[in-house]
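> A single structure is presented below for examination.
The values are calculated or read from the model by the stated rules, or taken from the named source; none is laboratory data. Just so it is clear, the structure is predicted and the values come from calculations on it, not from any experiment. Positions of Cβ are backbone-derived with ideal geometry, glycine not excepted, and every protein chain shown enters the neighbour counts.
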Amino acid sequence: MEQKISEIKNIFQAADFKELPAFINRYEKDERSGVAALVKKAHKQLKDYEKECIRTEKMKEYEKKYAEYSFICGIDEVGRGPLAGPVVAGAVILPKNCDILYLNDSKQLSEKKREELYDVIMEKAVSTGLGFVSPERIDEINILQATYEAMREAIGKLTPEPDLLLNDAVTIPGVKIRQIPIIKGDTKSISIAAASIIAKVTRDRLMVKYDEIYPEYGFVSNKGYGAQAHIEALKKYGPTPIHRKSFIKNLIYCSRKECQ
């Protein structure tokens, strides 16, 4: 009895990438247009999967180059540029045989994909750490020093302690562990990309919570960055306790006493 197309569709939807070649082999001679369309989709998914495997393998260049180190840690931060909220750093030690696909600079990923990858990273990583520096501290020591402070905090939360750091562009002062700064590292190292993702997801979730406290500023959508609606809210309502005074002091509305 000929298999129904709906049944074949269910098989296709349930198949993972390793099962696609068998699916194609089984149904590629079926002449029904509906089945042919499914086989075509399977070919495309398999091709995309193989392409992603190659891209991800290329992003392991530095992890392979320094493979003699036991615990390689990727470091990245998010939140240098916003007018409000903390700067957050992520530190991630991935396993040597890491098989996580789609790791990339967090800005290159959709919110949905970041959330998916966050869960995978937290499950599969050897260790993860997060560092937070408040707006008040940013105003006190400047954003670069605050970034370094957040990174040191994130590293300090790792167990085991890393023996090599792969950093996105910077060299962190006050850290004795060997560091390798990599320009645009979140697109060149899976470890740095993973750190970028957990830092971004963590900070975004925090800004969504702040939106519940300060709904006028649109933090749920702008995450504290200088979107027009955010700036207009600042003009109308003035700054909140989570605004960085050093970042907004030169804006026209900031002649107000609370910005001094």
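> Lys176: without any contact (Cβ under 8 Å) to a residue 60 or more places away in the chain, part of a loop (DSSP other than H, G, I, E, B) and out of contact with any helix residue (DSSP H, G or I) (no Cβ under 8 Å at 6 or more places or on another chain), yes or no? Before you say what the answer is, go through the steps one by one.
On the way: without any contact (Cβ under 8 Å) to a residue 60 or more places away in the chain: yes; part of a loop (DSSP other than H, G, I, E, B): yes; out of contact with any helix residue (DSSP H, G or I) (no Cβ under 8 Å at 6 or more places or on another chain): yes.
So Lys176 fits the description; yes.
Residue by residue, here is whether (1) charged (D, E, K, R); (2) in contact (Cβ under 8 Å) with a residue 12 or more places away in the chain; (3) closer than 21 Å to Ile54 by Cα holds:
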residue: Ala150; (1), (2), (3): no, yes, no
residue: Ile155; (1), (2), (3): no, yes, no
residue: Asp168; (1), (2), (3): yes, yes, no
residue: Ile172; (1), (2), (3): no, yes, no
residue: Ile180; (1), (2), (3): no, yes, no
residue: Lys188; (1), (2), (3): yes, yes, yes
residue: Ala194; (1), (2), (3): no, yes, yes
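> Condition (residue is more than 30 Å from Asn222 (Cα to Cα) and touching a Lys or Arg at 6+ places or on another chain (Cβ under 8 Å)) applied to region 37-58: is it met by at least one residue?
yes
> Now, a different point. Restricting attention to region 1-35, and to residues there that are free of Cβ contacts under 8 Å to residues at least 24 places away in the same chain and of a type in the set (A, V, I, L, M, F, W, C), which single residue is farthest from Ile190 (Cα to Cα)? Lay out the reasoning, then the answer.
Keep residues of region 1-35 that are free of Cβ contacts under 8 Å to residues at least 24 places away in the same chain, which gives 1-4, 6-7, 10-11, 13-14, 16, 18-19, 22-31, 33.
Cutting the leftovers down to of a type in the set (A, V, I, L, M, F, W, C) gives us 1, 11, 14, 22-24.
Details: Met1: 48, Ile11: 32, Ala14: 28, Ala22: 30, Phe23: 31, Ile24: 31 Å.
Restricting to residues being free of Cβ contacts under 8 Å to residues at least 24 places away in the same chain and of a type in the set (A, V, I, L, M, F, W, C), the top hit is Met1.
> Collect the residues in region 183-220 that are buried (at least 17 other Cβ atoms within 10 Å of the Cβ), farther than 14 Å from Glu115 by Cα and among the aliphatic types (A, V, I, L, M), keeping them in residue-number order.
Scanning region 183-220 gives Ile190, Ile192, Met207.
> Filter region 49-99 for residues that are out of contact with any Leu (no Cβ under 7 Å at 6 or more places or on another chain) and among the β-branched types (Val, Ile, Thr) and give the result.
Scanning region 49-99 gives Ile54, Val78, Val87, Val92.
> So, in region 126-147, how many residues would count as being of a type in the set (Val, Ile, Thr) and without any contact (Cβ under 8 Å) to a residue 60 or more places away in the chain?
Narrowing region 126-147 to residues of a type in the set (Val, Ile, Thr): 126, 128, 133, 138, 141, 143, 147.
Pick out the ones that are also without any contact (Cβ under 8 Å) to a residue 60 or more places away in the chain and you get 126, 133, 141.
Count: 3.
> Here's another thing I want to ask about it. Exactly one of these conditions fails for Ala169: (1) surrounded by fewer than 16 Cβ atoms within 10 Å (Cβ to Cβ); (2) at pLDDT below 95; (3) not assigned by TED's automatic domain parsing to the domain that holds Asp139. Give me its number.
Result: Ala169 passes all but (3).
> Any chance you could count how many residues in region 59-75 are among the acidic types (Asp, Glu) and farther than 18 Å from Val170 by Cα?
Let us first name the residues in region 59-75 that are among the acidic types (Asp, Glu), namely 61, 63, 68.
Filter once more, so that each one left must be farther than 18 Å from Val170 by Cα: 61, 68.
The total comes to 2.
> Here's something else I'd like to know. So is Ala227 under 26 Å from Arg114 (Cα atoms), of a type outside the set (Ser, Thr, Tyr) and either surrounded by 19 or more Cβ atoms within 10 Å (Cβ to Cβ) or outside the structural domain of Ala125 (by TED's automatic domain parsing) (or both) or not?
yes
> Hey, among the residues in region 1-23 that are aliphatic (A, V, I, L, M) and outside any helix (DSSP H, G or I), which one's surrounded by the fewest Cβ atoms within 10 Å (Cβ to Cβ)? Reasoning before the result, please.
Within region 1-23, the subset aliphatic (A, V, I, L, M) is 1, 5, 8, 11, 14-15, 20, 22.
Restricting the remaining residues to those that are outside any helix (DSSP H, G or I) gives 1, 15.
On the way: Met1: 3, Ala15: 16.
Applying the filter and picking the extreme gives Met1.
> For region 168-214, how many residues meet the condition of being among the basic types (Lys, Arg) and touching a Cys at 6+ places or on another chain (Cβ under 8 Å)? Walk me through how you get there before you give the answer.
From region 168-214, those among the basic types (Lys, Arg) are 176, 178, 184, 188, 200, 203, 205, 209; that's our starting set.
From the residues that got through so far, the ones that are touching a Cys at 6+ places or on another chain (Cβ under 8 Å) too are none.
Here the count works out to 0.
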